[in-house]
Amino acid sequence: MRTYVVLGGGGSFGIHTSKYLLDHANPKKVIAVGRNPPRPEPFTLKVGDGDPRYAYHAYHVTHELDLLMRLLDKERPQVIVNFAAQGEGAVSWKDSWRFFETNSMALAKLTEELMQRDYLERFIQIGTSEMYGSVDHAVTEDEPIKPSSPYAASKVAFDMYLESVSRFLKFPMDIIRPCNAYCPGQLLHRVIPKAIWCGLTGNKLPLHGGGKAEKSYIHARDLGRAIHLVAEKAPLGVVYNAGAARPTSIREVVERCAKALGIPFAQLCTVTEDRLGQDSRYWLDSSRIKNAVGWEPQIGWDEGLAEMVAWGKKYLPQIKDWPTDYVLRA
């Protein structure tokens, strides 16, 4: 039985990963670490409530590394999964240094500390498909790196650092580069939860550039399964893409949200100008992770969006006045 630590464990993907590990990994413990105290129930989904194997701690990986290391040394996890990052590439053009502060520098400091510990068996970094930039084909992990935002560049920097310390210092790591993920409990600045929120509250979703950009999507539960399989079965030192077989235009995503909500597409959104640095297509070749551990997505659009609508309806009283814009914080 292993102890897992999920850094970035207060975010929606960290929460769903913690739940997946509790349900499927037979863990000794799952310890989630986030920079904030837990959010209200619509965003934590009560994951881990009443389960003695689960704990949540609020430590900031950038500014409280000493406290985080005390926790890790006490719990001695065999597996650390890292979601902790400054996200949202669209806003990274301003105060770009903050993205490197967390996504590169803080994580490099953490890694150097972990190299001195004998309990760690595997560090799984959650990267991003954005580091490949806009593509016209399904890209493999060996595709040239072409980040198109400071956010993506900051993620690239730490991935390359990990690859170097793995190769020369034998740091036990793997990298998973997932496509866009979605799930109940996701914050409302993301397109799918925001579309559900708009449909339930009568607001209009701004459809940037008419939604012509294409992105690949998986449900966060599928991402949690990829992480579990890599933790259990994968060789060390390998980078894995994890994405859907085909990309989907943002317009089609919103059309599917409208259908799941039972409202006309035109009622849900309004077309706005495109965002700075918007990539036209993200598309991953995930054959390496399928061949290595047998992973491929299992949750289709109909099932996933039905869950999103059910979540929105259940928690509408709590989320109807929740902020829908991204706010950059340290």
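The values are calculated or read from the model by the stated rules, or taken from the named source; none is laboratory data. Everything numeric here is computed off the predicted structure, so don't read it as measured data. Using ideal geometry, Cβ is built from the backbone for each residue, glycine included, and neighbour counts are taken over all protein chains shown. Accessible surface is based on the protein model in full, side chains and every heavy atom, while ligands, DNA and RNA are left aside. Shrake-Rupley method; radii C 1.70, N 1.55, O 1.52, S 1.80 Å.
Residues of region 1-15 that are farther than 15 Å from Ile80 by Cα and either at pLDDT below 95 or surrounded by 24 or more Cβ atoms within 10 Å (Cβ to Cβ) (or both): Gly11 alone.
For Ala266, the criteria (1) of a type in the set (A, V, I, L, M); (2) in contact (Cβ under 8 Å) with a residue 24 or more places away in the chain; (3) assigned to a helix (DSSP H, G or I) hold in every case but one, which is (2). Beta carbons closer than 9 Å, at least 6 apart along the sequence or on distinct chains, pair a first residue in region 120-142 that is under 17 Å from Ile289 (Cα atoms) with a second that is open to solvent by 10 Å² or more (accessible area, probe 1.4 Å) and among the acidic types (Asp, Glu) for Ala138/Asp285; Val139/Asp285; Thr140/Asp285; Glu141/Asp285. Per this entry, Pro42 is not counted among residues that are assigned to a loop (DSSP other than H, G, I, E, B) and of a type outside the set (S, T, N, Q).
Taken together, the residues in region 1-22 that are in a loop (DSSP other than H, G, I, E, B), over 15 Å from Glu41 (Cα atoms) and free of Cβ contacts under 8 Å to residues at least 60 places away in the same chain amount to 1.
Condition check for Gly209 on (1) without any contact (Cβ under 8 Å) to a residue 40 or more places away in the chain; (2) within 30 Å of Ala266 (Cβ to Cβ): one failure, at (1).
Here is a yes/no grid of residues against (1) on the phi > 0 side of the Ramachandran plot; (2) open to solvent by less than 30 Å² (accessible area, probe 1.4 Å); (3) touching a Gly at 6+ places or on another chain (Cβ under 6 Å):
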residue: Ser286; (1), (2), (3): no, yes, yes
residue: Trp295; (1), (2), (3): no, yes, no
residue: Gln298; (1), (2), (3): no, no, no
residue: Gly304; (1), (2), (3): no, yes, no
residue: Lys313; (1), (2), (3): no, no, no
residue: Pro317; (1), (2), (3): no, no, no
residue: Asp325; (1), (2), (3): no, no, no
residue: Arg329; (1), (2), (3): no, no, no
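Yes or no, residue by residue, for (1) under 24 Å from Lys19 (Cβ atoms); (2) among the basic types (Lys, Arg):
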site: Ala195; (1), (2): yes, no
site: Lys204; (1), (2): no, yes
site: His208; (1), (2): no, no
site: Ile218; (1), (2): yes, no
site: Ala226; (1), (2): yes, no
site: Lys233; (1), (2): yes, yes
site: Arg251; (1), (2): no, yes
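Hey, does region 118-139 have a residue that's open to solvent by 10 Å² or more (accessible area, probe 1.4 Å), among the basic types (Lys, Arg) and part of a loop (DSSP other than H, G, I, E, B)? No, region 118-139 contains no residue that is open to solvent by 10 Å² or more (accessible area, probe 1.4 Å), among the basic types (Lys, Arg) and part of a loop (DSSP other than H, G, I, E, B).
Residue count for region 46-67 satisfying the condition of being touching a residue at least 60 places away in the same chain (Cβ under 8 Å) and open to solvent by 50 Å² or more (accessible area, probe 1.4 Å): 1.
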